[in-house]
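Just below is one structure, and these are the notes that go with it.
What follows is calculated from the coordinates using simple rules that are stated; it is not laboratory data. This structure is a prediction, so every number in the text was calculated from the model and none was measured. Cβ: placed from backbone, ideal geometry, glycine included. Neighbour counts: every protein chain shown.
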Amino acid sequence: MKLGPVPALWTTGALAFVVALQPWWRIAADGGAVTASLTGTAATGGLAQALALVCLGGILVTLTLRSTGRRVIGVLLALTYAGVAVLGAVHPRPSAGAIEEALRTMTFAPAQSVTETAWPWAYAVIGVAGVAASLWLLRRPGRPDRPRGVRDEGEPLDDSLASWKAMDAGVDPTADAPSREDQR
């Protein structure tokens with residue numbers, strides 16, 4: 001099995017989504033007796049999760065485009081994954097309101113310490129891997145392999161108008177071609 005840029009992009013997009021839901025910040029109050037955490041989504045106002053969703057949506061779009069469109073999406077995905085990497089590396093400290101909200105369900109005491117976890121750095125590494133996969137897509141923008149059994153009957157399936165015309169004429173573009181012996 002050949003690994004291509006699209007599976008690598010799927011993996012990085014899914015990992016970015018999952019890591020955005022992990023605790024990026026730990027909050028301690030009451031001398032450490034009460035602790036709470038803020039996910040990447042909560043700490044960034046939803047940006048961490050939104051970037052991951054944009055990446056996953058872009059990957060879906062690549063499945064429907066030809067080479068030029070895939071190159072354009074590859075550039076946009078590289079920029080989005082660069083945003084993922086920057087957000088993970090910068091991981092801005094959560095706002096005072098977000099910290100208070102996280103502690104409110106447990107205590108009315110103010111936060112005494114707010115410490116970061118390793119998850120934002122994992123998010124940054126995933127962003128760098130996503131940029132690499134996007135650049136791989138730019139170098140190899142060809143269409144994904146067709147499933148077995150799908151073949152062209154003189155007319156390429158890439159030409160959607162020709163495919164529709166063939167189906168209107170009663171030709172199944174996915175059917176196996178008749179052998180030379182059947183044609184005699």
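In nm, to one decimal, how far is the ARG139 label point from the VAL86 one, both placed 7 Å along Cα→Cβ?
Modelled inter-label distance: 2.5 nm.
Using the basic label-point model (7 angstrom from Cα toward the beta carbon), what is the LEU161 to THR68 distance in nanometres?
Result for the modelled spin labels: 1.5 nm.
Report, by chain and number, residues whose modeled amide H sits under 5 Å from the one on TRP24, excluding near sequence neighbours (fewer than 5 apart, same chain).
Close amide H contacts, sequence-distant or interchain: LEU38, THR39, GLY40.
Return the sequence-ordered ³J(HN,Hα) values of the stretch 17-26 in whole Hz as given by the Karplus equation 6.51 cos²θ - 1.76 cosθ + 1.60 applied to θ = phi - 60°, using x for Gly and Pro.
With the stated coefficients, the stretch 17-26 comes to 4, 5, 5, 5, 8, 8, x, 8, 9, 10 Hz.
So for the stretch 1-138, averaging the separation of alpha carbon pairs under 8 Å that are six or more residues apart and normalising by length, what relative contact order in percent results?
39
For the stretch 1-42, list residues with backbone N below 18 Å from a point placed 7 Å from the Cα of GLU101 toward its Cβ?
20-28, 36-42
Given H placed 1.01 Å from N in the peptide plane, which residues other than close sequence neighbours of VAL34 have an amide H under 5 Å from its amide H?
ALA29
Using the Karplus curve 6.51 cos²θ - 1.76 cosθ + 1.60 with θ = phi - 60°, work out ³J(HN,Hα) for each residue of the stretch 112-126 in order, rounded to whole Hz, and write x for Gly and Pro.
Here the 3J(HN,Hα) series is 9, 8, 10, 10, 8, 10, 7, 4, x, 6, 4, 4, 5, 5, 4 Hz.
Under the Karplus relation 6.51 cos²θ - 1.76 cosθ + 1.60, θ = phi - 60°, what is the ordered set of whole-Hz ³J(HN,Hα) values for the stretch 59-69, x standing for Gly and Pro?
Ordered by residue, 3J(HN,Hα) equals 5, 4, 5, 4, 6, 10, 10, 8, 4, 5, x Hz.
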